[in-house]
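Contents: one structure, followed by commentary.
The values are calculated or read from the model by the stated rules, or taken from the named source; none is laboratory data. Computed from a prediction, not measured in an experiment: that's the story for all the values here. Here Cβ is always computed from backbone atoms with ideal geometry, including for glycine, and neighbour counts include all displayed protein chains.
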Amino acid sequence: MLDVFAILLKAAFYAGSLTAVGVGVHTAIGMPIKSLWLRVAAHGLVLALALRLLSLNAEIIGGWGQVMDVSMFSWVWPSVRAQAVALGLGAVLLVAASVSRPRVLAGLGAIVTAAGFGLAGHTQALEGSSLASFAVAFHVLVAGFWVLAPVVLWPRSGADVRALAVRLDRFSRLAVWTVPMMVALGLWLSVQISGSIASLFQTAYGRLLLLKLGVASVALGIGAFNKLYVTTKLTVDGAGAIRHLRWALLADVVLFSIAIAAIAAATSVFGPH
């Protein structure tokens with residue numbers, strides 16, 4: 001039962017963090033993000049961090065009976081101090097962005113939050129961990145941008161087709177080179193953490209990482225379909241293009257959920273060795 005809760009809490013941590021990163025990135029590139037979204041994302045990030053700390057406390061204790069035992073946090077805190085500070089600062093920047101200079105402050109909030117993921121976790125044990133930490137930060141930054149796309153790009157009833165086309169084009173221009181880089185870095189990091197390509201196929205941890213990468217590849221194909229078909233068809237057959245876009249974005253939601261669940265299971269239960 002502890003494993004199930006650990007996976008759920010880790011998935012919630014990833015989902016909350018990626019949402020915050022995504023809101024920050026989309027605001028920074030000029031997408032129509034409301035100030036309320038920035039504040040909600042910031043609070044969600046703080047909640048996600050709190051759940052993460054509780055989960056780590058439960059792992060050390062070996063159960064949930066004394067998960068609120070404050071004395072145990074002295075064991076948990078040193079391993080996540082840098083990450084917690086980064087995520088906390090990211091939340092502050094997102095709140096500040098809801099008040100003033102949204103594009104600059106939200107972008108900084110997204111970068112700082114993503115950088116926090118490079119300051120903890122399995123990459124810290126690798127040789128040349130600085131490079132791996134940078135790769136993790138970039139991976140998370142792009143993942144957040146990608147994961148929030150179904151929300152930002154969702155065509156609401158009565159939506160302005162031309163405005164939607166502009167949003168799709170703006171997203172595609174950035175996604176066309178950042179998302180493939182994210183997938184490539186994800187593969188490289190998976191090999192580095194697992195120790196070898198063979199280990200990816202021989203361990204549960206490696207197979208879950210491969211599942212995540214496979215799901216990301218399918219989502220990448222859906223993104224290519226959106227760029228090549230939906231975007232060009234919006235001005236010709238708006239209703240048909242919107243219908244296809246909705247199905248594509250729903251598929252992305254399912255795929256992203258699978259990817260988050262896979263990486264949550266890999267990092268909270270199995271481990272690389």
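Being outside any helix (DSSP H, G or I), of a type in the set (A, V, I, L, M), free of Cβ contacts under 8 Å to residues at least 60 places away in the same chain and out of contact with any strand residue (DSSP E or B) (no Cβ under 6 Å at 6 or more places or on another chain), is that true of even one residue in segment 229-241?
yes
Applying the selection to segment 191-204, what residues are surrounded by 19 or more Cβ atoms within 10 Å (Cβ to Cβ) and out of contact with any Gly (no Cβ under 6 Å at 6 or more places or on another chain)? Give the steps one after another, and end with the answer.
Start the filter on segment 191-204 by keeping residues that are surrounded by 19 or more Cβ atoms within 10 Å (Cβ to Cβ), which leaves 192-194, 200.
Q192, I193 - these are the residues of segment 191-204 that are surrounded by 19 or more Cβ atoms within 10 Å (Cβ to Cβ) and out of contact with any Gly (no Cβ under 6 Å at 6 or more places or on another chain).
How many of the residues in segment 226-243 are modelled with pLDDT of 80 or more and surrounded by fewer than 17 Cβ atoms within 10 Å (Cβ to Cβ)?
Here the count works out to 1.
Check whether at least one residue in segment 47-59 is under 26 Å from A261 (Cα atoms), modelled with pLDDT of 90 or more and not charged (D, E, K, R), and report yes or no.
Yes, because at least one residue in segment 47-59 is under 26 Å from A261 (Cα atoms), modelled with pLDDT of 90 or more and not charged (D, E, K, R).
For segment 209-219, check the following and say yes or no: at least one residue is in contact with a helix residue (DSSP H, G or I) (Cβ under 8 Å, 6 or more places away or on another chain), over 30 Å from L56 (Cβ atoms) and not charged (D, E, K, R). Quick ask: steps written out before the conclusion?
Here is the first cut: in segment 209-219, the residues in contact with a helix residue (DSSP H, G or I) (Cβ under 8 Å, 6 or more places away or on another chain) are 209-213, 215-219.
Next, only the ones that are over 30 Å from L56 (Cβ atoms) stay: 217-218.
Of the ones still in play, those that are also not charged (D, E, K, R) are 217-218.
Scanning segment 209-219, I find at least one residue that is in contact with a helix residue (DSSP H, G or I) (Cβ under 8 Å, 6 or more places away or on another chain), over 30 Å from L56 (Cβ atoms) and not charged (D, E, K, R), so the answer is yes.
Within segment 72-126, count every residue that is assigned to a helix (DSSP H, G or I) and at pLDDT 85 or above.
Going through segment 72-126 one residue at a time, the tally reaches 32.
Out of curiosity, is A15 over 30 Å from L208 (Cα atoms) and either touching a residue at least 40 places away in the same chain (Cβ under 8 Å) or of a type in the set (A, V, I, L, M) (or both)?
Details: over 30 Å from L208 (Cα atoms): no; either touching a residue at least 40 places away in the same chain (Cβ under 8 Å) or of a type in the set (A, V, I, L, M) (or both): yes.
Answer is no for this residue.
If you check L187, L250, which single one turns out to be more than 21 Å from M31 (Cα to Cα) and assigned to a helix (DSSP H, G or I)?
The match here is L187.
Out of curiosity, is D160 surrounded by 13 or more Cβ atoms within 10 Å (Cβ to Cβ), out of contact with any Asp or Glu (no Cβ under 9 Å at 6 or more places or on another chain) and acidic (D, E)? Can you show your working first?
Values: surrounded by 13 or more Cβ atoms within 10 Å (Cβ to Cβ): no; out of contact with any Asp or Glu (no Cβ under 9 Å at 6 or more places or on another chain): yes; acidic (D, E): yes.
For D160, the condition - surrounded by 13 or more Cβ atoms within 10 Å (Cβ to Cβ), out of contact with any Asp or Glu (no Cβ under 9 Å at 6 or more places or on another chain) and acidic (D, E) - is not met.
What residue, of A219, A264, A259, is small (G, A, S) and in contact with an Asp or Glu (Cβ under 6 Å, 6 or more places away or on another chain)?
A219
Looking at the structure I just gave you, is D252 over 19 Å from V136 (Cα atoms), surrounded by 19 or more Cβ atoms within 10 Å (Cβ to Cβ) and of a type in the set (D, E)?
Criteria met by D252.
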